[in-house]
Amino acid sequence: MTEPSHQIQALFLRARGVAPAESAMRALAGMADAILMRRHGGVRTFEVEDRNGNNQEKSILMIIQVLLMATGLMSLFVGGINIMNIMLVTVTERTREIGIRRAIGATPRAIMLQFAPRRPRSRCSAARSA
């Protein structure tokens, strides 16, 4: 049976309050350093690190942002492929109609206009034509 270890691997300290100031955190680290020096008999067998939890939070938020960006880009890519597929199916279905129109003398521009979306007329243009 192994004996329990009386060594502390890490000690986390938190200042009370919503958003502790940088000076308060330095003072807290200084107090922890002084207490540990006294407990260790003046021998520095420890290390006091000023680890701010914000770094970990920032990295987690950055990962979430990257994942959201990747999801959005993937959605746009798939949507673009679907739109291209719908356009291809539309042209393929109307191949016979296009052939007939070409046979009777339609210009390529007239055929292209048949697939272009029509803009609704505004009231101003309708009033001018009247």
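The values are calculated or read from the model by the stated rules, or taken from the named source; none is laboratory data. What you see is a predicted model, and the numbers here were worked out from it, not measured in a lab. Here Cβ is always computed from backbone atoms with ideal geometry, including for glycine, and neighbour counts include all displayed protein chains. These accessible areas exclude ligands, DNA and RNA; they are computed on the full protein's heavy atoms, side chains included. Shrake-Rupley method; radii C 1.70, N 1.55, O 1.52, S 1.80 Å.
Within region 31-55, count every residue that is in a helix (DSSP H, G or I) and either touching a helix residue (DSSP H, G or I) at 6+ places or on another chain (Cβ under 6 Å) or at positive phi (or both). Count: 0. Just one of (1) surrounded by 10 or more Cβ atoms within 10 Å (Cβ to Cβ); (2) within 23 Å of Q9 (Cβ to Cβ) fails for V43. It is (1). Among the residues of region 117-130, are any open to solvent by less than 70 Å² (accessible area, probe 1.4 Å), modelled with pLDDT of 90 or more and not in a helix (DSSP H, G or I)? Scanning region 117-130, I find no residue that is open to solvent by less than 70 Å² (accessible area, probe 1.4 Å), modelled with pLDDT of 90 or more and not in a helix (DSSP H, G or I), so the answer is no. Within region 56-110, being modelled with pLDDT of 85 or more, of a type in the set (A, V, I, L, M) and touching a helix residue (DSSP H, G or I) at 6+ places or on another chain (Cβ under 9 Å) holds for M87, I98, A106, A110.
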